[in-house]
Amino acid sequence: MASETIEIQPLAQSPDCTVAVPGSKSYTNRALLVAALAQGRSRLSGALFSDDTDYMFQALGKLGVEIEADAQAAQFEVKGNGGHIPVAGAELY
């Protein structure tokens, strides 16, 4: 098998592009919890929507956290509760 050499030329100018990195399940779940405990409203952008993040979303809702999900925009909007969870107990998955 013959080896072929390909010369790589440097770019004439810097590339003009945008790279969208997929969200992380772990980061999304952690950010949801932190936003629920924070003071005020938080918008999480670039969130990953998966089974695990859906379970977290549902659990926070059952615990009284005001939370909205927009999978199309990969965003969550969370009303923080200043360090406490509104509901004392709930059955969670």
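Over the chain, Cα pairs under 8 Å with separation of 6+ residues give a relative contact order of 30 percent.
Atom-type composition of the exposed protein surface of the chain places 52 percent of the accessible area on carbon and sulfur (1.4 angstrom probe). Placing +1 on the Cβ of every Lys and Arg and -1 on the Cβ of every Asp and Glu, with nothing else charged, gives the chain a dipole about its Cα centre of roughly 500 debye. Leu33 sits with roughly 80 Å² accessible to a 1.4 Å probe, with DNA, RNA and ligands left out of the calculation. Backbone amide hydrogens, once placed in the peptide plane, bring Ala38 within less than 5 Å of Asn81, Gly82, Gly83, excluding anything fewer than 5 places away on its chain.
Compute the Cα gyration tensor for the stretch 19-69, then decide on rounded, prolate or oblate, letting a ≥ b ≥ c be the square roots of its eigenvalues: rounded whenever a/c is under 1.5, prolate when a/b is larger than b/c in the other cases, and oblate in all that remain. Display every interim value, and only then the final one.
Numbers: a/c = 2.23, a/b = 1.42, b/c = 1.57.
Verdict is oblate for the stretch 19-69.
With a cut-off of 14 Å on the backbone N, the residues of the stretch 46-60 near the modelled label site 7 Å out from Ala90 along Cα-Cβ are 54-60.
Just checking the listed ones, Ala36, Ala20, Ala74: in the Gaussian network model of the chain with Cα springs under 10 Å, the one fluctuating most is Ala20. Solvent exposure of the chain, expressed per residue, is 77 Å² of accessible area, with all protein chains present and a 1.4 angstrom probe.
Springs between alpha-carbon atoms under 10 Å, Gaussian network over the chain: tell me which of Asp70, Asp54, Asp16 tops the mean-square fluctuations. Between Asp70, Asp54, Asp16, it is Asp16 that shows the largest mean-square fluctuation. Quote the FRET efficiency, to the nearest 0.05, computed for Glu68 versus Ser14 with a Förster distance R0 of 30 Å and r equal to the Cβ-Cβ distance. FRET efficiency, Glu68 to Ser14: 0.20.
The values are calculated or read from the model by the stated rules, or taken from the named source; none is laboratory data. All figures in this text were calculated on a predicted structure; none of them were measured in a lab. Quick reminder, even Gly has a Cβ in these numbers, built from the backbone with ideal geometry, and neighbours come from all protein chains shown. We work out accessible area using only protein heavy atoms, side chains counted, and drop any ligands, DNA or RNA first. Shrake-Rupley method; radii C 1.70, N 1.55, O 1.52, S 1.80 Å.
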